[in-house]
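The values are calculated or read from the model by the stated rules, or taken from the named source; none is laboratory data. Predicted, not measured: the structure shown is a model, and the values here were computed from it. Cβ atoms come from the backbone with ideal geometry, glycine included; neighbour counts cover every protein chain shown.
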Amino acid sequence: MATTLFTQNTIACIWDFDKTLIPEYMQSPLFRRFGIDEANFWSETNSLVEHYHRRGYQLSGEIAYLNHLLTYVLAGKMPKLGNRLLRECGAEIRFYPGLPQFFESSKAFVRERESHAKHEIQLEHYIVSTGLAEMIRGSAIARFVDGIWGCEFIENPLQPGFLRQKEFAIDADAVIAQIGMVIDNTTKTRALFEINKGTNKNPAIDVNANIAPEDRRIPFQNMIYIADGPSDIPSFSVVKKGGGKAYAVYNPDRPDEFAQNDRLRQVGRIDHYGPADYSEGSSTSQWLRLHIHSICDRIVADREAAVATRVSRPPRHLNHSPEEEAARKQAKAPKQQSFLE
């Protein structure tokens, strides 16, 4: 018997990381650990594309900072930097007010009303970041997250001839040496489709497969995308076009970020914006709660409408009006023969 792949009763809050969940760049603890001048590192990174172009090279701006981190490792300025150390530095990441508690408490929003709980609606949190996945995994928020997309490094790259080897040496230092995964502001949308189609939960589902809307695990209309500004416009657009919500946050101490988000709302890139404060009672917390409830209401309405449409009523006795009942009895009564006939 044919059935849909998923029940579509899951809501997803999908988060950017830097300047959305934290006030600084996540790499800041890493620079502090090695005594690196952070401002100088980013200044160098932002100049790489132009400098390499002058030398006849083409460099993708999306991988410039990853390459520059590897250069710092090779130059001995970040000696023996491995994924384990990245996770340790991730534990030092400082979050905006209300985090990571909001990630845990918000999952109860879908159970606050009896009708929502009846349909077993669930809320999941995902982080899709151009930052370093290992640092996010080491942070305080990781245990409240249902999935993380970010840039990855490879330690101890496989050497020529590795296919003919039966054993590998395990005494080498675990030092990052190659880029394993790049997430940029455009490829973030691929992660959105993986969440949408359920690829992240069922690897048998290819993200490029043609899947009917009713068979996708989390419809875009069940998503809220939260980020800090213009660099996330591709993701904002995908979610909004699919019927979901787009919310931007700003640092309350940065009037320029407030103005930036106001412009995004004026041109229709986002639905709303607010301060990056996720404390209970904050405007951002209240907006997210309101719209999570709104999505829950729609899920309930859609599921109950589906029941009404697809499930036929059982046979039942008809109730006639008194006049109809009297007429029915009279019609069934035997006629008396007349003596005049």
Across segment 35-44, what is the number of residues that are surrounded by 14 or more Cβ atoms within 10 Å (Cβ to Cβ) and outside any helix (DSSP H, G or I)?
1
Which members of segment 225-251 meet the condition of being free of Cβ contacts under 8 Å to residues at least 60 places away in the same chain and aromatic (Phe, Trp, Tyr)?
PHE236, TYR247, TYR250
Look through segment 102-114, keep the residues that are closer than 26 Å to PHE236 by Cβ and of a type outside the set (Ser, Thr, Tyr), and return whichever of them is surrounded by the most Cβ atoms within 10 Å (Cβ to Cβ).
PHE102
In segment 144-163, anything assigned to a strand (DSSP E or B) and either modelled with pLDDT under 85 or β-branched (Val, Ile, Thr) (or both) is listed as ILE148, ILE154
As an exercise: evaluate GLU134 against (1) at pLDDT 95 or above; (2) surrounded by fewer than 21 Cβ atoms within 10 Å (Cβ to Cβ) and give the number of the one condition it does not meet.
(2)
Would you mind stating whether THR20 is modelled with pLDDT under 95, assigned to a loop (DSSP other than H, G, I, E, B) and hydroxyl-bearing (Ser, Thr, Tyr)?
no
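Could you count how many residues in segment 45-95 are under 22 Å from GLY35 (Cα atoms), aliphatic (A, V, I, L, M), assigned to a loop (DSSP other than H, G, I, E, B) and in contact with a helix residue (DSSP H, G or I) (Cβ under 7 Å, 6 or more places away or on another chain)?
Count: 3.
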Exactly one of ALA204, ALA117 is surrounded by fewer than 20 Cβ atoms within 10 Å (Cβ to Cβ), without any contact (Cβ under 8 Å) to a residue 24 or more places away in the chain and part of a loop (DSSP other than H, G, I, E, B), and that residue is ALA204
Any idea which of PHE34, PHE103 is over 26 Å from ALA227 (Cα atoms) and in contact (Cβ under 8 Å) with a residue 40 or more places away in the chain?
PHE34
Every residue in segment 261-281 that is surrounded by 14 or more Cβ atoms within 10 Å (Cβ to Cβ) and within 17 Å of TYR225 (Cβ to Cβ), please.
ASN261, LEU264, ARG265, ARG269, ILE270, ASP271, HIS272, TYR273, GLY274, ALA276, TYR278
Quick one: count up the residues across segment 167-181 that are aliphatic (A, V, I, L, M), surrounded by fewer than 16 Cβ atoms within 10 Å (Cβ to Cβ), modelled with pLDDT of 95 or more and in contact with a strand residue (DSSP E or B) (Cβ under 6 Å, 6 or more places away or on another chain).
1
Looking at segment 145-160, can you tell me whether even one residue there is touching a residue at least 60 places away in the same chain (Cβ under 8 Å) and either out of contact with any strand residue (DSSP E or B) (no Cβ under 9 Å at 6 or more places or on another chain) or surrounded by fewer than 18 Cβ atoms within 10 Å (Cβ to Cβ) (or both)?
yes
Note on ASN222: of the conditions (1) exposed (fewer than 13 other Cβ atoms within 10 Å of the Cβ); (2) in contact (Cβ under 8 Å) with a residue 12 or more places away in the chain, unmet is (1)
Filter result for the condition that a residue is modelled with pLDDT under 95 and either more than 27 Å from GLN101 (Cβ to Cβ) or over 21 Å from the mean Cα position of the chain (by Cα) (or both), over SER282, SER312:
SER312
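Residue-by-condition table, conditions (1) in contact with a strand residue (DSSP E or B) (Cβ under 9 Å, 6 or more places away or on another chain); (2) on the phi < 0 side of the Ramachandran plot; (3) at pLDDT below 90:
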| site | (1), (2), (3) |
| --- | --- |
| GLN165 | no, yes, yes |
| ILE183 | yes, yes, no |
| GLU194 | yes, yes, no |
| THR199 | no, yes, no |
| ALA212 | no, yes, no |
| ARG216 | no, yes, no |
Looking for something under 16 Å from VAL128 (Cα atoms), aliphatic (A, V, I, L, M) and within 20 Å of the chain's Cα centre (by Cα) - is there at least one such residue anywhere in segment 196-206?
no
Which pairs turn up if I take residues in segment 252-271 that are farther than 21 Å from PRO23 by Cα and touching a residue at least 12 places away in the same chain (Cβ under 8 Å) and look for partners that are aliphatic (A, V, I, L, M) and part of a helix (DSSP H, G or I) with beta carbon separation below 7 Å, at least 6 apart in sequence or on another chain?
ARG269/ILE233
